[in-house]
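J.: Could you have a look at this structure, given as structure tokens, before my questions?
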Amino acid sequence: MSEWDRQQQGQKFEGWAFTFCKAAFLVLIFQRFSLLALSGLATLFYLLAAWKGVTHWRCWAKPPWVTLFWAAIFGWQVWATIHPLLRH
């Protein structure tokens, strides 16, 4: 393996590490409400990106599926959060 290939592979690993670092930091901030907050933010920013005409998506799912997926998760989390409060 050449030095360039080794560096490229290292950069790829660092990219994954940075992704998990960002996720862990957000979970640290939001804690119990992490999935609620992050799914809502993902939905919001995917909608804004689509509205601004972005056509390149880096997510594992493509539009509109990624937006619908995160919107469904957000709706589920909202329901799971407020449902116990409405029962009392």
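The values are calculated or read from the model by the stated rules, or taken from the named source; none is laboratory data. Remember, predicted model here, so these are calculated numbers, not experimental data. Cβ coordinates were reconstructed from backbone atoms using ideal geometry, including for glycine residues, and neighbour counts include every protein chain displayed. Remember, those area values only see protein heavy atoms, side chains included, never the ligands or the DNA or RNA. Shrake-Rupley method; radii C 1.70, N 1.55, O 1.52, S 1.80 Å.
J.: From the list L35, L28, which one is more than 16 Å from C59 (Cβ to Cβ) and under 10 Å from the mean Cα position of the chain (by Cα)?
T.: Numbers: L28 fails: under 10 Å from the mean Cα position of the chain (by Cα).
On inspection, the qualifying residue turns out to be L35.
J.: Can you tell me which residue in the stretch 17-36 is nearest to F74 (Cα to Cα), limited to those that are of a type in the set (V, I, T) and open to solvent by less than 80 Å² (accessible area, probe 1.4 Å)? Don't jump to the end; show me each part of the working.
T.: Let us first name the residues in the stretch 17-36 that are of a type in the set (V, I, T), namely 19, 27, 29.
After this cut, where a residue has to be open to solvent by less than 80 Å² (accessible area, probe 1.4 Å) as well, the list is 19, 27.
Values: T19: 21, V27: 15 Å.
Among those residues, the one meeting the criterion is V27.
J.: Additional query: Those residues that are open to solvent by less than 80 Å² (accessible area, probe 1.4 Å) and of a type in the set (D, E, K, R), I need them from the stretch 1-16; list them, please.
T.: D5 - this is the single residue of the stretch 1-16 that is open to solvent by less than 80 Å² (accessible area, probe 1.4 Å) and of a type in the set (D, E, K, R).
J.: On to the next question. Please go through the stretch 59-70 and give me each residue that is open to solvent by 40 Å² or more (accessible area, probe 1.4 Å) and either over 11 Å from the mean Cα position of the chain (by Cα) or closer than 15 Å to L35 by Cβ (or both), ordered by number.
T.: If the condition is that a residue be open to solvent by 40 Å² or more (accessible area, probe 1.4 Å) and either over 11 Å from the mean Cα position of the chain (by Cα) or closer than 15 Å to L35 by Cβ (or both), then K62, P63, P64, W65, L68, F69, W70 are the ones that fit.
J.: If you scan the stretch 37-48, which residues turn out to be surrounded by 12 or more Cβ atoms within 10 Å (Cβ to Cβ) and more than 20 Å from K22 (Cα to Cα)?
T.: L47
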